[in-house]
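Right, one structure below, let's go through it.
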Amino acid sequence: MPSKNRQSLDDRSNVNKLVYGLYILCGLLVPIQFLFEQHPHFAVEKFPGFYGIFGFVVFVAIVLAGKLLRRAIMREEDYYDR
Amino acid sequence: MIASLPPGMILLIGSLLLPLLRGRIQAAWLLLLPALSLLHLVSLPQGNTGEWSLFSYQLTLVRIDSLSQIFGFVFHLAAFLSALYALHVRDTTQHVAAMIYAGSAMGAVFAGDLLTLFVYWEITAVSSVFLIWSSRTESAYHAGMRYLVIQVGSGVLLLSGILLHFHETGSLVFNRLIGSDGQLLSASPAVFLIFLAFGIKCAFPLLHNWLQDGYPQATVTGTVFLSAFTTKLAVYALARGFAGTHLLIWIGLLMTLFPIFFAVIENDLRRVLAYSLNNQLGFMVVGIGVGTAMSLNGTAAHAFAHILYKGLLFMSMGAVLYRTGTIKASELGGLYKSMPFTTVFCMIGAASISAFPLFSGFVSKSLILSAVADNHQLVIWLGLLVASAGVMEHSGIKIPYFAFFAHDAGIRCKEAPWNMLLAMGITAALCVLIGCLPQALLYDWLPFIDTGTGVQVRAASVTPELNFQPYTSHHVVTQLQLLLFATMAFAILVRSGIYPPEIRSVNLDSDWFYRRPFLGTPNGGPSPVERLSTWAQTLRQKTDTHVLTRLRQTEHLVRGFCSACGRQTNSIRAMVVWVSVLLTAYLLFYYLYV
């Protein structure tokens, strides 16, 4: 998530710092999971990094499905006004 | 006198004074109404009051129990915050409509019988449409008409169901309507009609499009009011009448899933929020369908939290629309420079709806997901997890990113007016407070308990026994994994150019089925409906000519026949005489022999 530092986001290197920070945070979150006691309800949850992989894959799938959906249902902005 | 008024009535009556007031006094009265109404509500005793009979109907105007209380309370909160947000508006129509709308929604939540519910149900429909019409554009007028037809349609179904139900059972009491087996198929047609009426207002799949069609057309402040009441009234009604209806699990799951794909590609950011609203209702509907004390409490908690963060998101987008004059993602971007406070408030709303730890959505949605997991419903649970990633996409990232960040669209405007900022600030603070202190602010007020024999609405004297800890290290870490990996996916997709660009466009949804027939061809040709009516007219003319020709031919034949018999029949008098002779003969025959 970009910070709200004034004007700073016009600078590409600041954006890069944020994004790399996010990658590092994600990388840390997987091993951290094993430091704590886990109480999964389902077997799939025991898979290492299940939530992370799930979130990533599903997000990409939703966006790609949205792109496909656009081909079917996108119309000109004045479609209903003509 | 005032003590015997039903909740919400102060708003309904008080709104009638608004046209007499002007300027600051009107604004002050607008804020005072929800506050007075809340004080009045707190002073009312638990239980049923205002019982009276109308003909053979036994009515209960007011029922105060823990379920109606939690919805009634958050409705008051929403009415106050929305009124504060709308304080700068100098349009009496909007203020009156908004107060009647909020007041009738409160009245409906506290209605003890179905007929009273129906009356308030219709008042919400008729008053709320003025919030759409107040935009005073042609497209808002048409969208409002479509909205009104569907809302009133829901009322008609509700009334039919209620009358049938009364005919079958002799009772109008609004309690659990679905049988103990939770099967809609074995319910009576009356119950099915009521279910359908609730379903329309709750925006069930394929009955949903009035929401995405109407809400983005309402005024800047009108949408904030609209987002709070109609659909949550339906959620309340479903929780009261249809708790544990198995079908609701699947309906709810579908509701959480399909809007996320539409939200990805929608350009109008207030319409993205309308899709997102639909998706959040899905979580609540699943909770009602599962029907355990925990899941129903999850629904109540989620409705409470949702009214606040969804209101906050609509407020922030309203502020953007108010200041820039557009809400299209394709034309916005970089607004964090001009509207820093609005940006922060919007991100708090986004974090709440995405269920980040320490924000309100985290402590309310977890209840529903845990209830589903406790029931070992893996498919539903995975579906809700997909939906959670979807929420992160459209409300968590897309809304703040395209409005306030992305590429700088070069728009420089003033920050939102003070009253908007104050309303957003208070709402944002509530979202964080609920997220940080869930037990005291939310869990201790939840209405359902498991008595061992079944789930019931808790009496005021019974303390809630919700034993749920959202802040376990496991839960926090896994939730952060889900959300941050999703954010990482967004970063990668945007930087690699795969993420679909925002395009000025309109996306077809189920409203296409009832709007397309009225559209002409691009080159100005007639619409299918016009063609159909022209065709029908031509057909009628053809038939008329055909019938006339045939009649003339018959006349000609008869004349020929009669003249052959040697009689003149060109006198109508003769015909009348013959007909009366025949009828008299028929009458005589009837009396003599039948």
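The values are calculated or read from the model by the stated rules, or taken from the named source; none is laboratory data. Here the structure is a predicted model, which is why all the values come from computation and not from measurement. Glycine gets a Cβ as well: all are built from the backbone with ideal geometry, and neighbour counts include every protein chain shown.
Structural remarks
- Scanning the range B:473-502 for residues that are more than 7 Å from every other protein chain (Cβ to nearest Cβ) and either closer than 25 Å to A:P31 by Cβ or of a type in the set (V, I, T) (or both) yields B:H475, B:V476, B:Q479, B:I492, B:V494, B:I498.
- Applying the criterion of at least 3 residues that are among the β-branched types (V, I, T) to the helices (runs of 4 or more DSSP H) found wholly in the range B:433-546 leaves B:473-495.
- Given (1) facing chain A (nearest Cβ under 7 Å); (2) crowded, with 16+ Cβ neighbours inside 10 Å, index of the condition B:P470 fails: (1)
- Residue match in the range B:108-119 (condition: in contact (Cβ under 8 Å) with a residue 40 or more places away in the chain, outside the structural domain of B:S510 (by TED's automatic domain parsing), among the polar types (S, T, N, Q) and not in a helix (DSSP H, G or I)): no
- Single residue of the range B:504-514 satisfying the filter (surrounded by fewer than 18 Cβ atoms within 10 Å (Cβ to Cβ) and at the interface with chain A (Cβ under 7 Å from one of its Cβ atoms)) that is farthest from A:C26 (Cα to Cα): B:L508
- From the options B:L20, B:L31, residue that is among the hydrophobic types (A, V, I, L, M, F, W, C) and in contact with a Leu (Cβ under 9 Å, 6 or more places away or on another chain): B:L31
- Verdict on B:F258 being among the hydrophobic types (A, V, I, L, M, F, W, C) and buried (at least 24 other Cβ atoms within 10 Å of the Cβ): no
- Meets criteria (at the interface with chain A (Cβ under 7 Å from one of its Cβ atoms), within 18 Å of A:R70 (Cβ to Cβ) and touching a helix residue (DSSP H, G or I) at 6+ places or on another chain (Cβ under 9 Å)) for B:L519: no
- Some residue of the range B:346-363 being in the same structural domain as B:T487 (by TED's automatic domain parsing), on the phi > 0 side of the Ramachandran plot, within 25 Å of the chain's Cα centre (by Cα) and modelled with pLDDT of 95 or more: yes
- Among the residues of the range B:252-283, those identified as in a helix (DSSP H, G or I) and of a type in the set (D, E, K, R) are B:R270, B:R271.
- Of the residues making up the range B:134-188, those that are in contact with a Lys or Arg (Cβ under 8 Å, 6 or more places away or on another chain) and either more than 23 Å from B:T219 (Cβ to Cβ) or among the small types (G, A, S) (or both) are B:S154, B:F174, B:N175, B:R176.
- Residues in the range B:204-236 that are part of a helix (DSSP H, G or I) and among the aliphatic types (A, V, I, L, M): B:L211, B:V224, B:L226, B:A228, B:L233, B:A234, B:V235.
- One residue from B:S139, B:S154 being among the small types (G, A, S), closer than 28 Å to B:P34 by Cα and part of a helix (DSSP H, G or I): B:S154
Residue-wise test of (1) modelled with pLDDT under 95; (2) touching a helix residue (DSSP H, G or I) at 6+ places or on another chain (Cβ under 6 Å); (3) of a type in the set (K, R); (4) within 26 Å of B:Q217 (Cβ to Cβ).
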position	(1), (2), (3), (4)
B:M1	yes, no, no, no
B:R22	yes, no, yes, no
B:L44	yes, no, no, no
B:E51	yes, no, no, no
B:F55	yes, no, no, no
B:M99	no, yes, no, yes
B:G112	yes, no, no, no
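- Within the range B:173-204, the set of residues being at pLDDT below 95 and over 22 Å from B:Y57 (Cα atoms) comprises B:G179, B:S180, B:D181, B:G182, B:Q183, B:L184, B:L185, B:S186, B:A187.
- The condition of being modelled with pLDDT of 95 or more and either more than 29 Å from B:P340 (Cα to Cα) or facing chain B (nearest Cβ under 8 Å) (or both) holds for A:A61.
- Residue under evaluation B:H556, criteria (1) more than 7 Å from chain A (Cβ to nearest Cβ); (2) under 36 Å from the mean Cα position of the chain (by Cα); (3) exposed (fewer than 14 other Cβ atoms within 10 Å of the Cβ), criterion not met: (2)
- For the range A:1-22, the tally of residues that are modelled with pLDDT of 85 or more, within 7 Å of chain B (Cβ to nearest Cβ) and surrounded by fewer than 14 Cβ atoms within 10 Å (Cβ to Cβ) stands at 0.
- Helices (runs of 4 or more DSSP H) wholly inside the range B:348-428 that include at least 1 residues being more than 14 Å from chain A (Cβ to nearest Cβ) and in contact with a Phe, Trp or Tyr (Cβ under 8 Å, 6 or more places away or on another chain): B:360-374
- Residue list for the range B:121-145, filter: more than 14 Å from chain A (Cβ to nearest Cβ) and among the polar types (S, T, N, Q): B:T124, B:S127, B:S128, B:S134, B:S135
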